[in-house]
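The values are calculated or read from the model by the stated rules, or taken from the named source; none is laboratory data. Values in this document were obtained by computation on a predicted structure and should not be read as measured data. Cβ coordinates were reconstructed from backbone atoms using ideal geometry, including for glycine residues, and neighbour counts include every protein chain displayed. For accessibility, only protein heavy atoms count, side chains too; no ligands or nucleic acids. Shrake-Rupley method; radii C 1.70, N 1.55, O 1.52, S 1.80 Å.
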Amino acid sequence: MTRVLAIDVGSSSARAQLFDERAEPVGQLAQTKYDGERDPLRLVELARGVIGEAGGADYAGISCFGHSLVGLGSDGRPVTPILDWRDLRSAAAAEGLLERLDGAAVHARTGCHIHPSYWPAKLAWLAQEEPDVFAAAERFVGVQELLPEHEPTISLSQASATGLLDLREARWDGELLAALGLDEARLPRIADEPIDGWYPALLDGVCSNLGSGCTGRGRAALMIGTSGAYRTLYETGELRPRPGLFLYRADEQRVLEGGALSDGGNLRQWLEGTLLSDEGNVAERPPDGHGLTFLALLGGERSPDWSTRARGAIHGLTLATTSHDVRQAAYEGVACRFAEVADLMPEVQEIVATGGGIADDDWVQILADVLERPLTRSAVPEASLRGAAVAVLERLGEPVAHGPLGEVVEPRPDRFEAYRAARKRQRRLYDAATWASTSFLAAAAMCSASMP
């Protein structure tokens, strides 16, 4: 019987498990947790530890978080920490690239916006701020390329998620490389073929959709893990990125399309660490009845506007505001961000909720109410892990059934009007806050330039 070792390396934990030819788990799940590990060698050590615990198999498939950047020296050892999607230090570098390049044309070619979460901005920042380190890096890779013990090879999906891949040519983008002063030889070879039974690591979003059975343009996965995402995985011969959305190559036939939120489970963790403990059921409180507008951008913004400077905000705080109010407003704020992405993908007919965040009944109910759509909970406990196994089995020609689905959470129509008003108010606050931030930075730059 075919056995596949599936590995999932996430932002906060690494997991490994064996799966059979039907993508059913075999044996025990091996897992280790960490908190935003930035040391590449330490993360690889932790991941290889769970791989060893899970046991051997005929083939291995890997799911890994995307967009990470690591510089390797001539000896193959890291010369940088992991620069991941949460590292926003390259905001100014992204703005500098946007002044030199046509951002819309870059998005049309690569499916990615020029933004601090992607490689072009990070590489430009590294070259400007740490030129000696940039020069010392003989090769730039994602942390996932360090997991197998052979020459780093990057999968098409992970390469696409760097923001440096020309979608149609399926090779590194020449204009971006020229703008960055980067030789293609310093980037990994793009290939999806296995080496000694190990398949190159796939983007976690691709694996999450595969594992939860969210394939085709009509079924979207709404994922809340450390961050959040709303995406579809489907076959197409047309590679046309739509405004506000990313479009990644998943493989030779399929693309992953959607939007990403930087606030998800990390926001819930912030609430738990910041507010007084409260156990109340906020989904049953009056919708938007707290007088607050919560911009859920504590981790910065990605979809749909991809601002390099947007940050979180709470408007309407009074002495009567409670921790219940703030938590409810935060959940509603994230739901409003998801709704903006969903509006850009009207072809979606069914939404499957997946990820650790869907264990929060309040949040799932609020999402259904704000989206005005039923949400079907995925019954797959580890969608990305299962998806890594499914991807390998597909390549081996093994037919695999969709992942099982759980309960359907219905929206409550009596709350629609209140949440539509809340969405409009949040958009006004977003526009005002980003305008103020941009104006302040411009004024500060003018003052700095005029000083002797």
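Tabulated results
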read-out	value
Thr226 - accessible surface, heavy atoms, 1.4 Å probe, Å² rounded to 10	40
Under-5 Å amide H pairs with Ser13, H placed in peptide plane, nonlocal only	Tyr34
Rounded to the nearest 20 debye, dipole of the range 277-361 from Cβ charges on Lys, Arg, Asp, Glu	440
Pairwise label distance in nanometres, Ala320 with Thr274, each label 7 Å out on the Cα-Cβ vector	2.3
DSSP beta bridge pairing in the range 91-230, given as percent antiparallel to the nearest 5	75
Stretch gain in nm, segment Glu252-Arg189, where the contour uses 0.36 nm per residue and the Cα spacing is subtracted	21.1 nm
The range 296-328 versus the range 63-88: alpha-carbon centroid distance in Å	29
Fraction of beta bridges assigned by DSSP in the chain that are antiparallel (%, nearest 5)	70
Cβ-based charge dipole, the range 190-283, positive-most Cα from Trp270, Gln253, Leu202	Gln253
Dipole magnitude of the chain about its Cα centre (Cβ charges: Lys, Arg +1; Asp, Glu -1), debye to nearest 20	940
Restricting the range 319-409 to GluC sites (Glu not before Pro) in coil, as DSSP defines it, with at most 16 other Cβ within 10 Å	Glu347, Glu372
The chain: relative contact order as a whole-number percent, Cα under 8 Å and 6+ apart	16
Backbone HN-Hα couplings from phi across the range 209-214 [Karplus 6.51/-1.76/1.60, Hz, Gly and Pro as x]	5, 4, x, 8, x, 8
Calculated from backbone phi, Karplus (6.51, -1.76, 1.60) coupling profile of the range 228-240 in Hz, x at Gly/Pro	x, 7, 10, 8, 10, 10, 8, 7, 7, x, 10, 9, 10
Label-point separation, Asp196 to Glu235 (7 Å along Cα→Cβ), nm	3.4
Approximate spin-label separation His402-Val133, in nm, with each point projected 7 Å along Cα-to-Cβ	4.5
q = 0.23, 0.28 Å⁻¹, the range 160-229: log10 I(q)/I(0) [Debye, one scatterer per Cα]	-1.07, -1.20
Projected-area average for the chain over all orientations - Cα convex hull basis, square nanometres	22.4
Segment Glu24-Arg425, length gained on full extension (0.36 nm per residue, minus Cα span)	139.8 nm
Residue-by-residue Karplus 3J(HN,Hα) for the range 145-155, coefficients 6.51, -1.76, 1.60, Hz, glycine and proline x	6, 8, 5, x, 8, 8, 3, x, 10, 9, 6
Which of Gln328, Val409, Leu69, positive extreme of dipole for the chain (C-beta unit charges)	Gln328
The range 228-320: GluC sites (Glu not before Pro) in DSSP loop, at most 10 other beta carbons within 10 Å	Glu238, Glu252, Glu279
For Gly406, distant residues with modelled amide H under 5 Å away	Arg377, Ser378, Ala379
Asp75-Ala105 FRET efficiency (beta carbon distance; Förster radius 51 Å; 0.05 resolution)	0.85
Cα lying deepest toward the dipole's positive end in the chain, options Val133, His150, Leu319, charges on Cβ	Leu319
Asp362-Glu45 FRET efficiency (beta carbon distance; Förster radius 41 Å; 0.05 resolution)	0.65
Normalised alpha carbon radius of gyration of the range 186-291 [divisor 2.2 N^0.38 Å]	1.43
The chain - mean residue ellipticity at 222 nm from DSSP helices (-39,500 (n - 2.57) per run, n ≥ 4, rounded to 500)	-11000 deg cm²/dmol
